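The values are calculated or read from the model by the stated rules, or taken from the named source; none is laboratory data. Keep in mind it's a predicted model, so treat the numbers as computed, not measured. Cβ coordinates were reconstructed from backbone atoms using ideal geometry, including for glycine residues, and neighbour counts include every protein chain displayed.
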Amino acid sequence: MSFEYIQKIPSAAEILEQMPLSIDLKRIKKQRDKDIAGIFTGASKKFAVIIGPCSADDEDAVCEYASRLAKLQLKVNDKLILIPRVYTNKPRTTGEGYKGMMHQPNPKEAPNIVEGIRALRKMHLRILRESGLTAADEMLYPSNYPYLEDILSYVAIGARSVENQQHRLTVSGLDIPVGMKNPTSGDLTVMLNSVQAAQASHTFIYRGWEVKTSGNPYSHCIVRGAVNNHGQSIPNYHYEDLMFLSDMYFKRGLKNPGIIVDTNHSNSGKKFQDQPRIAFEVMENLKKSKFLRGIVKGLMIESYLVEGAQDIRGKVYGQSITDPCLGWEASKRLVLDLAEIS
């Protein structure tokens, strides 16, 4: 075999025992879960804004971002629920490049997954403690979710993972909202199949156990645009796109139909500056259709302290080392404007 066994990964139970969630933080998490789930059940009329860096690469910068977001939450509390986007695993199209904090707690050093697991839990705990906001993370590896299962209030399944059976079945056992992105091909049927699978009960192998899940009624769609066979971006956030998806959704008879619009990736053609324009177009279309307003539950926005992106060896504090992001001032204006028009 060509595997080199480097070090044994500690179990989730061991990590959670070493780095526990306090009673006060558990109370905050419970309330946040209720508030966020309420958006997807229709119990709350607030709008979700999942916002933050493309990848959470620096604990201090990400925690500062979340604390700024918490102050902003107080200003928009009657209209929006802000969910820090704290992505600690980064999917790579070719398999090369920075794979996130779990792989490299220090982007400039060699991978160390054991230290990465501790680093990402430490960061999530600090964010919750300092900001009072529970975060979103991407489930790149289903087996890693237990290391954060007591902290996260939202999970995303990426465009490259949405067809994977283990991801779908694992989501069926989660009790928080989980967004399924459309695949890079843009096939909406694949995304809806994933939502349908996640909402159903399943028996399968998980972490060395035969388990049975009850289904996740909060699983929903995230539209992120597509790429055609020439590598060109094809957006799917326009009025006609959302109406078409909504019609497909309701024909399936799924629970709590919900759509989140990702304003970056192929919807913007990775032109990060276009995210406010896309967000405003979505909000304007929601005004035109009560039907859409009932199914589009929020936006996903890539944003960091400093606009743009830098090389992994860069030294700019709070600037992305993966996809370029909106800077803080532009992000703040966007959130305040969204609260004003929602």
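Is it true that I39 is farther than 23 Å from S143 by Cβ and part of a strand (DSSP E or B)? Reasoning before the result, please.
On the way: farther than 23 Å from S143 by Cβ: yes; part of a strand (DSSP E or B): no.
Taking the combined requirement at face value, the residue does not satisfy it.
Pairs under 9 Å by beta carbon, first residue of a type in the set (D, E) in the stretch 2-31, partner surrounded by 10 or more Cβ atoms within 10 Å (Cβ to Cβ) and in a helix (DSSP H, G or I), six or more apart or different chains?
Note: pairs meeting the criteria are D24/R129.
For the stretch 281-314, give me each residue that is hydroxyl-bearing (S, T, Y) and in contact with a helix residue (DSSP H, G or I) (Cβ under 7 Å, 6 or more places away or on another chain). Show your work before the answer.
First, pick out the residues of the stretch 281-314 that are hydroxyl-bearing (S, T, Y): 289, 303-304.
Once the filter is applied, which keeps residues that are hydroxyl-bearing (S, T, Y) and in contact with a helix residue (DSSP H, G or I) (Cβ under 7 Å, 6 or more places away or on another chain), the stretch 281-314 yields S303, Y304.
Go through the stretch 237-263 and give me each residue that's touching a Lys or Arg at 6+ places or on another chain (Cβ under 7 Å) and polar (S, T, N, Q).
Those that are touching a Lys or Arg at 6+ places or on another chain (Cβ under 7 Å) and polar (S, T, N, Q): none in the stretch 237-263.
Can you name the residue in the stretch 96-124 that is over 18 Å from Q18 (Cα atoms) and of a type in the set (A, V, I, L, M, F, W, C) and is also nearest to the chain's Cα centre (by Cα) among such residues?
Checking each candidate, the answer is M101.
Can you name every residue in the stretch 298-323 that is in contact (Cβ under 8 Å) with a residue 60 or more places away in the chain and of a type outside the set (G, A, S)?
Once the filter is applied, which keeps residues that are in contact (Cβ under 8 Å) with a residue 60 or more places away in the chain and of a type outside the set (G, A, S), the stretch 298-323 yields L299, M300, I301, E302, Y304, L305, I312, R313, Y317, I321, T322, D323.
Please verify whether K71 is touching a residue at least 60 places away in the same chain (Cβ under 8 Å), surrounded by fewer than 16 Cβ atoms within 10 Å (Cβ to Cβ) and either in a helix (DSSP H, G or I) or among the charged types (D, E, K, R) (or both), treating the condition exactly as stated. Write out each step before concluding.
Details: touching a residue at least 60 places away in the same chain (Cβ under 8 Å): no; surrounded by fewer than 16 Cβ atoms within 10 Å (Cβ to Cβ): yes; either in a helix (DSSP H, G or I) or among the charged types (D, E, K, R) (or both): yes.
It is false that K71 is touching a residue at least 60 places away in the same chain (Cβ under 8 Å), surrounded by fewer than 16 Cβ atoms within 10 Å (Cβ to Cβ) and either in a helix (DSSP H, G or I) or among the charged types (D, E, K, R) (or both).
Go through the stretch 197-231 and give me each residue that's of a type in the set (A, V, I, L, M, F, W, C), outside any helix (DSSP H, G or I), free of Cβ contacts under 8 Å to residues at least 40 places away in the same chain and under 26 Å from K251 (Cβ atoms). Explain how you work it out, then say what you get.
First, the residues of the stretch 197-231 that are of a type in the set (A, V, I, L, M, F, W, C): 197-198, 200, 204-205, 209, 211, 221-223, 226-227.
If we keep only those that are outside any helix (DSSP H, G or I) too, we end up with 200, 204-205, 209, 211, 221-223, 226-227.
Right, trim to free of Cβ contacts under 8 Å to residues at least 40 places away in the same chain and you get 200, 204-205, 209, 211.
Of everything in the stretch 197-231, just one residue is of a type in the set (A, V, I, L, M, F, W, C), outside any helix (DSSP H, G or I), free of Cβ contacts under 8 Å to residues at least 40 places away in the same chain and under 26 Å from K251 (Cβ atoms), namely A200.
Return a yes/no flag: does the stretch 311-328 have any residue that is part of a helix (DSSP H, G or I) and in contact with a Ser or Thr (Cβ under 7 Å, 6 or more places away or on another chain).
As a first pass, look at the stretch 311-328 and keep what is part of a helix (DSSP H, G or I): 328.
Applying the additional criterion that residues be in contact with a Ser or Thr (Cβ under 7 Å, 6 or more places away or on another chain) yields none.
Within the stretch 311-328 (the criterion being part of a helix (DSSP H, G or I) and in contact with a Ser or Thr (Cβ under 7 Å, 6 or more places away or on another chain)), the answer is no, since none of the residues qualifies.
So which of I127, I50 is within 16 Å of the chain's Cα centre (by Cα) and within 24 Å of S266 (Cα to Cα)?
Within the list I127, I50, the selection yields I50.
Given the criterion touching a helix residue (DSSP H, G or I) at 6+ places or on another chain (Cβ under 6 Å), more than 21 Å from I222 (Cβ to Cβ) and modelled with pLDDT of 95 or more, identify the matching residue among L80, L72.
So the residue among L80, L72 that is touching a helix residue (DSSP H, G or I) at 6+ places or on another chain (Cβ under 6 Å), more than 21 Å from I222 (Cβ to Cβ) and modelled with pLDDT of 95 or more is L72.
Would you point out which residue out of D274, D311 is surrounded by fewer than 21 Cβ atoms within 10 Å (Cβ to Cβ), at pLDDT below 95 and not hydroxyl-bearing (S, T, Y)? Steps first, answer last, please.
Values: D274 fails: at pLDDT below 95.
After ruling out the rest, the residue left standing is D311.
On the given criteria, is G116 without any contact (Cβ under 8 Å) to a residue 40 or more places away in the chain and under 27 Å from R68 (Cβ atoms)? Reasoning before the result, please.
Details: without any contact (Cβ under 8 Å) to a residue 40 or more places away in the chain: yes; under 27 Å from R68 (Cβ atoms): yes.
Yes.
In the stretch 92-112, which residues are over 14 Å from I312 (Cα atoms), modelled with pLDDT under 80 and out of contact with any Phe, Trp or Tyr (no Cβ under 9 Å at 6 or more places or on another chain)?
Of everything in the stretch 92-112, those that are over 14 Å from I312 (Cα atoms), modelled with pLDDT under 80 and out of contact with any Phe, Trp or Tyr (no Cβ under 9 Å at 6 or more places or on another chain) turn out to be T93, T94, G95.
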